[in-house]
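The next block holds one structure in the form of structure tokens; read it before the comments.
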Amino acid sequence: MTSVFVVMTTLLAVTAAGAQSFDDVKVREVYAAAQKERQVIVWGTQRREVEWIPSAFAKAFPGIDVQFLGDNDIAVKAIAEARAGRHQVDVYQNSLTGTLPVVQRDLLMPVNWPPFQIDARNIAFAGRMAYTSNIVYTVAYNKKLVGEPDAPKNWIDILDERYRGKATSSTFLLPRLIGGLGLVWGEDKAVQFAREIVAKANLLLTRAPRESLLQSGERVYAFGEVDSLIRAVAAEGLPVSQVVPEPVVVGQFGVTVMKNAPHPNAARLLAGFLASAEGKAARLKATSQADYGPTSDNTLAKKLHSGTLQVAWDRPDNMAQREALFGRAAAILTGQVR
């Protein structure tokens, strides 16, 4: 079991020294061309994931206006826009699974990532995506009512009688957690786990935020939370903490450029910035979203790559398997099937 609050100590904001990532002559050439375009438009799945970008980008590359949209349906919007011949978005920021539909429809362009000092291990979809951040699924708890030793060390532990009737979970996140667990456990065990949650846990499943349930003590635990969200509400004063049970389930997010971007140079510049060390540091500071990739220096990332933990990594080659299992788990948890 690994505490995730330590990640904030090792991925620090990069200022003047970090500007080295942008010294490459090709970056300067893209910047010069982007200044002529004067604008760039980025879409992400939530407002909090994109609203920090204009000010952070302006510190590195002033003179370019950044417009943003935060919406859960950006994949549907991007596809519909392309079909209609409208091209209003430059940079598309999403998870691997949220990016796959636009990849499958050939709506993205390859980007020259190396001038931004981006390692090849952080690039996917044949150069069309660069990784920016990760999530890990956690158990959050009210730290006034229970302590870290009381929390489950393995995901299978949440079936213990001691947690019955004491926990809540998201109808959106929990099936995705189970989909990830299936990569390690296998499909049969993961599906049975979903069935046993329904039978044994007396879990309060909800589409609403779980923070108020934790704060009030109506539920002591929240299973399958996102680490960055819990870090953020804890920083705001909510009496919560979290642990990372094994197998550790990791989600991957990244940035792409639309093939028909209206501001192609500014789009490449913004995408490169977001995937750079400076962009990742700015994201962590603004949103608590960390990078757990192979080049990250933060403590949890090093543990995840040490070989000492069971880890289910989100990768392009296992997305279909994970998504299929997610669908089965969702149907079981919501009572559609047994």
Legend entry - Set Tyr137, Tyr131: member being in a strand (DSSP E or B) and closer than 17 Å to Thr206 by Cβ: Tyr137
Inset, instruction - Return a yes/no flag: does the stretch 59-66 have any residue that is of a type in the set (Lys, Arg) and either part of a helix (DSSP H, G or I) or open to solvent by less than 80 Å² (accessible area, probe 1.4 Å) (or both). - result: yes
Inset, instruction - Go through (1) open to solvent by 10 Å² or more (accessible area, probe 1.4 Å); (2) modelled with pLDDT of 95 or more and name the single condition Thr97 misses. - result: (2)
Legend entry - Matching option when the condition is more than 21 Å from Phe253 (Cβ to Cβ) and buried (at least 21 other Cβ atoms within 10 Å of the Cβ), among Tyr163, Tyr131, Tyr137: Tyr163
Inset, instruction - Report yes if Pro152 is assigned to a loop (DSSP other than H, G, I, E, B), open to solvent by less than 30 Å² (accessible area, probe 1.4 Å) and not aromatic (Phe, Trp, Tyr), otherwise no. - result: yes
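Can you tell me which residue within the stretch 283-338, out of those that are of a type in the set (Ser, Thr, Tyr) and under 18 Å from the mean Cα position of the chain (by Cα), is surrounded by the fewest Cβ atoms within 10 Å (Cβ to Cβ)? Reasoning before the result, please.
Within the stretch 283-338, the subset of a type in the set (Ser, Thr, Tyr) is 287-288, 292, 295-296, 299, 306, 308, 334.
Still in the running and under 18 Å from the mean Cα position of the chain (by Cα): 287-288, 292, 295-296, 299.
On the way: Thr287: 19, Ser288: 23, Tyr292: 27, Thr295: 15, Ser296: 23, Thr299: 19.
Only one residue fits best here, namely Thr295.
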Inset, instruction - Taking Phe172 as meeting all but one of (1) buried (at least 24 other Cβ atoms within 10 Å of the Cβ); (2) within 17 Å of the chain's Cα centre (by Cα), write down the number of the exception. - result: (1)
Legend entry - Residue that is nearest to Ile53 (Cα to Cα) [pool: residues in the stretch 78-94 that are open to solvent by 20 Å² or more (accessible area, probe 1.4 Å) and part of a loop (DSSP other than H, G, I, E, B)]: Gln88
Inset, instruction - Hey, could you check the stretch 312-330 for residues that are touching a Lys or Arg at 6+ places or on another chain (Cβ under 9 Å) and of a type in the set (A, V, I, L, M) and say which is farthest from Glu246 (Cα to Cα)? - result: Ala330
Inset, instruction - Report yes if Ala33 is open to solvent by less than 40 Å² (accessible area, probe 1.4 Å), more than 25 Å from Lys285 (Cβ to Cβ), at pLDDT 95 or above and small (Gly, Ala, Ser), otherwise no. - result: yes
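Conditions tested, residue by residue: (1) of a type in the set (Lys, Arg); (2) more than 18 Å from Val257 (Cα to Cα); (3) touching a residue at least 60 places away in the same chain (Cβ under 8 Å).
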| site | (1), (2), (3) |
| --- | --- |
| Phe22 | no, yes, yes |
| Arg48 | yes, yes, yes |
| Ala75 | no, no, no |
| Gln88 | no, no, yes |
| Val91 | no, no, yes |
Inset, instruction - Name the residue, out of Ala222, Ala208, Ala235, Ala199, that is open to solvent by less than 10 Å² (accessible area, probe 1.4 Å) and small (Gly, Ala, Ser). - result: Ala222
Inset, instruction - Run Arg195 past the list (1) touching a residue at least 60 places away in the same chain (Cβ under 8 Å); (2) closer than 30 Å to Ala277 by Cβ; (3) not polar (S, T, N, Q) and report the number of the one that doesn't hold. - result: (2)
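The values are calculated or read from the model by the stated rules, or taken from the named source; none is laboratory data. Quick caveat, the model's predicted, so the values are computed rather than measured. Note: ideal-geometry Cβ built from the backbone for every residue, glycine included; neighbour counts use all protein chains shown. Ligands, DNA and RNA are stripped out before the accessible areas are found, and what is left, the full protein with its side chains, is counted by its heavy atoms. Shrake-Rupley method; radii C 1.70, N 1.55, O 1.52, S 1.80 Å.
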